[in-house]
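Working notes, structure below.
Just so it is clear, none of the values below were taken in a lab; they were calculated from the coordinates. All values derive from a computational prediction rather than experimental measurement. Cβ coordinates were reconstructed from backbone atoms using ideal geometry, including for glycine residues, and neighbour counts include every protein chain displayed.
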Amino acid sequence: MAARDPHRFSNKLDDGARDRLLDRLESRARDAVFSKLFDNYVARTGLARASKILEVGCGTGAMLRRLARDHQFSGTALGIDHCDEFIAAARRLSEEEGFTNKLRFQVGDAHGLNFVAGEFDAVIAHTILSHVTEPTQVLQEMARVLEVGGTLIVFDGDYASLTYAFPDHGFGQRMDAALAHATYNNPRIMRDLPRLLATHGLKLVAAWGDAVVEIGSASYFRSLAETYAPYVKSSGLLSGKAVDVWLTEQHQAMENGSFFAACNYYTFHIQRV
């Protein structure tokens, strides 16, 4: 079986696999290692002051709920995702937190946004471009629905930099590459993004990077390993036995305080011109 990004095809997964992705999205949003990166770009870009936001590939709506809850967002926001079950979860969780007056969610495809040109004053692409089939088409669509002068925030990982410590360095490198290949359609998209902007009428306002690192203990990278290592096995990129040995080593390292994992993440603050 060839490697296939599970997020791109989340609407075609079995219930168990889809539930594991749903849990991953929610646990990631609660993880301080990761959520502080969202808080940082909200503060630096003034995103909470926008009046009408679109989040493309919203998953369970975790980031929009965080925007409404922790940043006193006073406008309205719409989240779209191609997975019916994710949208159902987003609606339920938003209702539970009392955000139905601010947040709405609907099924939609990032490659063809069903909105008129210039409908939003801000668009968020939070770890979505690494998963889509055609990132340039998605970028074009996001630019189209953004008003002139509006803000586009693209936040994603450079998953070619994803690395876990492993005693056999050669196999460790192969496992790092297999994780990136099995989990992300476009692991290097953030390296490509600067040269794509002008083509779509977009201008870079600011950009910065953050190294997400866990040493000794793990929460964010524990969830990543446990969620996505099975896809390395099912894709046949590496033998199931070898992947199990690698995962056992990661768990042991977490228990004895010798764990190490890291990945670079980047934020692009972009304006429609």
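What number, in nm² with one decimal, is the all-direction average of the projected area of the convex hull of the alpha-carbon atoms of the chain?
Spelled out: convex hull of the Cα atoms, projected over all directions, averaged, 13.6 nm².
How much length, in nm to one decimal, is gained on full extension between D109 and T76, taken as 0.36 nm per residue of separation minus their Cα-Cα distance?
9.9 nm
Taking 7 Å along the Cα-to-C-beta vector as the label spot, tell me the N101-S217 distance in nanometres, rounded to one decimal.
3.9 nm
Suppose only helical runs count, i.e. DSSP H with n ≥ 4. What mean residue ellipticity at 222 nm does that imply for the chain under -39500 (n - 2.57) per run, divided by all residues and rounded to the nearest 500 deg cm²/dmol?
Mean residue ellipticity at 222 nm (helix-derived): -14000 deg cm²/dmol.
On alpha carbon coordinates alone, what is the Rg over Rh value for segment 122-194, Rh being the Kirkwood radius?
1.12
Rounded to whole Å and ordered largest first, report the semi-axes of the equivalent ellipsoid of segment 57-216 derived from its Cα gyration tensor (root of 5λ).
Output for segment 57-216: semi-axes of 29, 21, 15 Å.
Given q = 0.11, 0.14, 0.17 Å⁻¹, what are the Debye log10 I(q)/I(0) values for segment 1-146, with equal point scatterers placed on the Cα positions and solvent ignored?
-0.39, -0.64, -0.97
Please state the charge dipole magnitude for segment 1-160, taken about the Cα centre, from unit charges on C-beta atoms (+1 on K and R, -1 on D and E), reported in debye and rounded to the nearest 20.
Here the size comes out at about 320 debye.
Taking the Cα centre of the chain as origin, work out the dipole magnitude from +1 charges on Lys and Arg Cβ and -1 charges on Asp and Glu Cβ, in debye rounded to 20.
Taking the Cα centre of the chain as origin, the dipole is about 540 debye.
If you take the charge dipole of segment 153-273 about its Cα centre, with +1 on Lys and Arg Cβ and -1 on Asp and Glu Cβ, which of A165, L247, L197 is farthest toward its positive end?
L197
Over segment 179-272, consider all pairs of different Cα atoms and compute the Kirkwood hydrodynamic radius from their mean reciprocal separation; express it in Å, one decimal.
15.6 Å
Restricting to bridges with both residues inside the chain, how much of the DSSP beta-bridge set is antiparallel, in percent to the nearest 5?
Bridges in the chain are about 55 percent antiparallel.
Nearest 10 degrees is fine. How inclined is helix 32-45 to the longest principal axis of the chain, computing both from alpha carbons?
It is inclined by approximately 30 degrees.
On C-alpha positions alone, give me the angle between the axis of helix 240-256 and the longest principal axis of the chain, in degrees, nearest 10.
Relative to the chain, helix 240-256 is tipped by roughly 80 degrees.
Quick check: the angle from helix 220-235's long axis to the longest principal axis of the chain, C-alpha only, nearest 10 degrees?
Computed tilt is about 70 degrees.
Magnitude of the Cβ-charge dipole of segment 128-273, K/R +1 and D/E -1, about the Cα centre, nearest 20 debye?
Result for segment 128-273 is approximately 400 debye, rounded to the nearest 20.
Below 8 Å between Cα atoms, with a sequence gap of 6+, how large is the relative contact order for the chain in percent?
Relative contact order for the chain comes out at 22 percent.
For segment 148-234, state what percent of all Cα-Cα pairs lands in each successive 10 Å bin, counting from 0 Å until the bin that includes the largest distance.
Calculated over all Cα pairs of segment 148-234, the distribution is 13, 40, 27, 16, 4, 0 percent.
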